[in-house]
Each structure stands twice: as C-alpha cells, then as structure tokens.
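Please read the structure below before turning to the comments.
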Amino acid sequence: MPDESSGEVFVSSAPTAQAIYMAAIGRPLPDGVNVNYATFDRNEPKKFGNQFFVWESANSTVPWSRDPIAKVPLATNSYSGTQKVGFDYEPQTGYIIGYGLSPDPGSVCATFFIPPNAPPGDTMNLTVGSPVWGRGFVQIKYDALANYDPSANCNFIGLWNAPQASYDGKALATAPVPYSQSSGPASIMYDILANTTYTVGYFMGGNTALAGQVTFSTG
C-alpha cells in the first residue's frame, strides 16, 4: 500500500481499458447510414435510453452548442449490433454521427465523421487511462471528445472492487469530474487494498451512462 509519510504513489503497469465503439458500415444512403456499435455487456441500450445523434458539420468536432438534426433511439437491448440511423443524407454536406448513453446529446461519447463527398472516417471516442493511486485516493486520466465539457454535463467516475463497473449505482465511491476541459485527471478519495482488483468507470451523467472503464490490480 502507498505510504502517506513517503508520498509514495503507485502506477498500474498492465491495466485493461475499454470504451464504447461505433463505425459506419459502407457508404451512406439517401435515407441514412448503417452503424455498427459495441458497448458494455451489461448495457441495455433501449431500456437505458441510448440514442444516436446526427449533426451537420464541416469537420469532425461535434458542434455541441447546436441541436442535432436527427435523434434515433436504439431499437433493442442488445449491447452490440447494427442499426440504421435515419436522416436525409446530402453528399455535399458533412455529418457527425454520435452514440449517446441517454436522450441528452451531452451523453455522446463516441462519434464518426462523414466528410462531404467522401466515405465515413474513423471513430473517435472517450478513453480512460492508466490509474495511479496513493494513500486514500485513486486517479485516472480521461480523454473525452474535442470541446466537450465534463463538468457541465455532470460526468462522474466510480470505483468498484470488481473486474468491471456496474450500472446499479453501488460503487465503493464516486466523484464528479470537476473540470470543463475535455481531457485531464479525475480522482476518487478511497483507501484501496493491496492484492485486489478494482475498476474505475467513467459515466456521462447517470448511473446507466457508462462510457469507459479501466480495470487494474494492486500489488
């Protein structure tokens, strides 16, 4: 365990990180695009109100201040699969497709960009980095989407003594992400134990809005 008097801090050497993923299947059609998505295996997208959002955009950064032009709820409770995201596609216009973990666009944690007159590009998504811990705290590094404001969207992190985060709201401890920057550190105050497996989950504003997690073991 970390020693408070020495200021010792430990870094996880082999954490396992996971994040939500989505990508287009083929080129867009006049009435939308087919999207492949993969979330966490305890997620129930339809029950938890997961939605696809569509914005018009000239680049790959979500225009957070603008309303989406389309909102498409997830049709099933399958945590991974393929779904048509319907909207009026114009080849000369750029679009961003986002995966949201609630009906609020502020819960979008993964996107891909469809440039004008070009095929869809790569996915971008929130990630959670390697934890560090000391006496009474655990800290992770998060990287959200560009220009995203975690504090304004009530993002928080939770800690579990388990190989995965949960949707039941029964974390060992939670803490808000108090910053408006789209990337940075986030800390939970908790005395963790040696020789134990923990998971830190990153949530986009609700107990069912799990966007990323990292699992690590203490020595």
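The values are calculated or read from the model by the stated rules, or taken from the named source; none is laboratory data. The structure presented is a predicted model; accordingly, all values stated were derived computationally and were not measured. Every residue, glycine among them, receives a Cβ derived from its backbone with ideal geometry; neighbour counts consider all protein chains shown.
Looking only at the stretch 112-139, which residues are without any contact (Cβ under 8 Å) to a residue 60 or more places away in the chain, under 20 Å from ALA23 (Cβ atoms) and either polar (S, T, N, Q) or assigned to a strand (DSSP E or B) (or both)?
PHE113, ASN117
Can you pull out every residue in the stretch 4-61 that is surrounded by fewer than 19 Cβ atoms within 10 Å (Cβ to Cβ) and not in a loop (DSSP other than H, G, I, E, B)?
PHE10, VAL11, THR16, ALA17, TYR21, ALA23, LEU29, ASN34, ASN36, ALA38, GLU56 - these are the residues of the stretch 4-61 that are surrounded by fewer than 19 Cβ atoms within 10 Å (Cβ to Cβ) and not in a loop (DSSP other than H, G, I, E, B).
Could you go through the stretch 108-124 and let me know if any residue there is among the polar types (S, T, N, Q), within 10 Å of the chain's Cα centre (by Cα) and either over 20 Å from GLN181 (Cβ atoms) or surrounded by 20 or more Cβ atoms within 10 Å (Cβ to Cβ) (or both).
No, there is no match, as no residue in the stretch 108-124 is among the polar types (S, T, N, Q), within 10 Å of the chain's Cα centre (by Cα) and either over 20 Å from GLN181 (Cβ atoms) or surrounded by 20 or more Cβ atoms within 10 Å (Cβ to Cβ) (or both).
Mind listing whichever residues of the stretch 145-166 are part of a loop (DSSP other than H, G, I, E, B) and closer than 15 Å to VAL200 by Cβ?
Passing the criteria: PRO150, ASN155, ASN161, ALA162, PRO163, GLN164, ALA165, SER166.
Of the residues in the stretch 23-41, how many are within 20 Å of GLN164 (Cα to Cα) and at pLDDT 95 or above?
Number satisfying all stated conditions: 4.
If you check ILE69 against the conditions, is it surrounded by fewer than 17 Cβ atoms within 10 Å (Cβ to Cβ) and without any contact (Cβ under 8 Å) to a residue 40 or more places away in the chain?
yes
ALA173 is checked against (1) crowded, with 19+ Cβ neighbours inside 10 Å; (2) outside the structural domain of GLN51 (by TED's automatic domain parsing); (3) touching a strand residue (DSSP E or B) at 6+ places or on another chain (Cβ under 8 Å) and fails just one. What number does that condition carry?
Unmet for ALA173, out of (1) crowded, with 19+ Cβ neighbours inside 10 Å; (2) outside the structural domain of GLN51 (by TED's automatic domain parsing); (3) touching a strand residue (DSSP E or B) at 6+ places or on another chain (Cβ under 8 Å): (1).
Within the stretch 187-196, is there a residue that is at pLDDT 95 or above, aromatic (Phe, Trp, Tyr) and over 22 Å from VAL62 (Cβ atoms)?
yes
Conditions first: (1) in contact with a strand residue (DSSP E or B) (Cβ under 9 Å, 6 or more places away or on another chain); (2) modelled with pLDDT of 95 or more. ASN77 passes all but one, so which condition is the exception?
For ASN77, the failing item is (1).
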